[in-house]
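Visitor: Before I ask anything, let me first share the structure, which is written out below as structure tokens.
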Amino acid sequence: MNLFERQTTINDRATALTYQTSTVSFALSGLINKDYRLSFRQNLNLILIMTAQQIHLIDRLLHFHDPINRTSIMHRVFIGQARMIAGLWPQFHEKGSLEFFSDKQLEYFQYSDILSDNEIHYPRHSLLWEYGEEIAKTSDQSKNHSIILLTSETYRYSYIDNSDMMHFIYG
């Protein structure tokens, strides 16, 4: 399935978004792991955090651009990601993955903006900046601005500045 082809059903759209979150999570995690030599446990935690962040980012984008289908799509993305994580790492059985993703959703709701008004100079207190800080902390690189900016730019490139993705999100 080509992600950016117009998907006709809610299930197809959710499946495509589930695979997108996995692809970006694994790619960015591998990039950070290559530079910082993380342990297996840190890398696993990094993938989980990145996946949870992208689920929330997709939820926010759907909230703004496709509110009618948002709940149906997000329910399927949650379940799909939980099953994918549980399939790769059985110690994170599906129920545990769902709880983890739900807890992260609540945590991320405090950030009202995906990008800050002053994003070019210092994008603090935006959702993307906070994601970067959490990833830096997870990889024992607290306040490492290169990881923070890499994360922000990766998510921005993969979703917000990606016209194909935004066209897909619009439904």
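All of the numbers you see were taken from the coordinates with simple rules; none came from a lab. This is a predicted model, so every value here is computed, not measured.
Visitor: Once the principal axes of the Cα atoms of segment 1-81 are found, what is the range along each, listed largest first in whole angstroms?
Guide: Reported extents, whole Å, longest axis first: 42, 23, 20.
Visitor: Let me ask something else about it. Which length gain, in nm to one decimal place, applies between Ser102 and Thr23 when the Cα-Cα distance is subtracted from 0.36 nm times their residue separation?
Guide: Roughly 26.4 nm would be gained on extension.
Visitor: Right, something else. Once you keep just the Cα pairs under 8 angstrom separated by 6 or more residues, what percentage relative contact order results for segment 10-169?
Guide: Relative contact order, segment 10-169: 22 percent.
Visitor: Which log10 I(q)/I(0) values, to two decimals, does segment 10-169 give at q = 0.15 Å⁻¹ under the Debye formula with one point per Cα?
Guide: -0.77
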